[in-house]
1. Can you list the HN-Hα couplings for the range 97-106, worked out from phi with the Karplus curve (6.51, -1.76, 1.60; θ = phi - 60°), rounded to whole Hz and with x for Gly and Pro?
2. HN-Hα J couplings of the range 282-294 from phi, Karplus 6.51/-1.76/1.60, θ = phi - 60°, integer Hz, Gly and Pro as x?
3. Please report, to two decimal places, log10 I(q)/I(0) for the range 258-317 at q = 0.15 Å⁻¹ as given by the Debye formula with identical point scatterers on the Cα atoms and no solvent.
4. Determine, for each peptide in 128-137, 220-229, 269-278, the mean count of other beta carbons within 10 angstrom over its residues, then list the peptides with the highest first.
5. Neighbour counts of other C-beta atoms within 10 Å: give me ILE247, ILE295 arranged from fewest to most.
6. What is the Rg over Rh value, at two decimals, for the range 189-254, using alpha-carbon atoms and the Kirkwood definition of Rh?
7. Once amide H atoms are built 1.01 Å from N in the peptide plane, which residues 5 or more positions from LEU316, or in another chain, come under 5 Å H to H?
8. Please rank LYS151, LYS12, fewest neighbouring Cβ atoms within 10 Å first, as an exposure proxy.
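FYI, it's all coordinate maths here, none of it is from the lab. The shown structure was predicted, so the numbers you read here are calculated from the model rather than taken from an experiment. Cβ placement follows ideal geometry from the backbone for every residue including glycine, while neighbour counts extend to all protein chains displayed.
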Amino acid sequence: MKKLLAYFKFNKTEQNGFFIILMIIVLFVTIYSLLKRSAEDPIPNQAKVFEQSFNDSLEISGSANKQEMNISYSTTSSKNENKALVSRSPVLEESKLFYFDPNNLPHADWHKLGLSDKQITVLKNYESKGGRFRKKTDLMKIYSINDRLYKRLEPYIQIKTSPDSEITKQQNRTSLLYDKFERNKAELIDINTCDTTALKSLKGIGSVLSKRILKYKDVLGGFYRIEQLKEVYGVTAETYDLIKDYIVVSSLDGIKKININKVDAISLAKHPYLSPKDAKLIVNYRDQHGSYVNIEDLTKIGTLSDLAIAKIAPYLIFENDSR
């Protein structure tokens, strides 16, 4: 124990040094604590100031809100009173409702129907720009006429037939008569004797198609049925439907006939209804079995279809045939 205490015994010089070090430590601790406090204090103080200012602002805004609420309440109540007056006014005006035509209705009559000057001004501006009410719902296009007002007026709206519509009807009747006249003219067109000008008067037939029709007529030797126009390239089913009532084959006298007993295979093959193979078969059979007497002799060939024979028949002539 004595040896342990011996370690804590200081001489004079050591004691002085110890006290100096102790004083320095105490001084540093004091300064540190002061600095720390001075560094921490502004935050709470600022927080308290901010909190106080925030509370003050809440109190101010609260009082302002209360004033605004009072004002808005008073304004709302006044508006409600006005609305009540407005809503009551149409009830008074309903007794003045009458049947009317909104077109060129006098200002005073609109007033009697319960419209304000502003609403009437909008209506008159619409009319001054050429606007016209042709049906009841046209009145809803006016922005000053709301749904409620329209529903109140709608049962009393009676729009008279305008003179313009009568003119339009007359124009339509004139147009129909003109079209009928044009159709009657078109009905006289004979596709075997007409020219391109006559064909172009038909709906759907232009310059190119009219020339193509005449060229096909020359290759055929003439049309014997109007349905043959469907075989012309460019004459669609729709085009044919447009013109079929205005074309006619008035006579078959102009159709060019082929003497089946004298024609050669090359010339016969030029006809659209016969292929080179068919033409060669017809000529070969004739050379082997002699001249054809009538159209039924073509059925003896066996390779020609009945449809091909029926189509070519109007263009053939036989030596013993009276045609």
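1. Values per residue, Gly and Pro as x: 5, 8, 6, 8, 9, x, 6, 6, 6, x Hz.
2. 4, 5, 4, 5, 5, 5, 7, 10, x, 5, 7, 8, 8
3. Log-scaled intensity ratios, in q order: -0.35.
4. Result, highest mean first: 220-229, 269-278, 128-137.
5. The order, fewest Cβ neighbours first, is ILE295, ILE247.
6. 0.90
7. Answer set, sorted by chain and number: ILE258.
8. LYS12, LYS151
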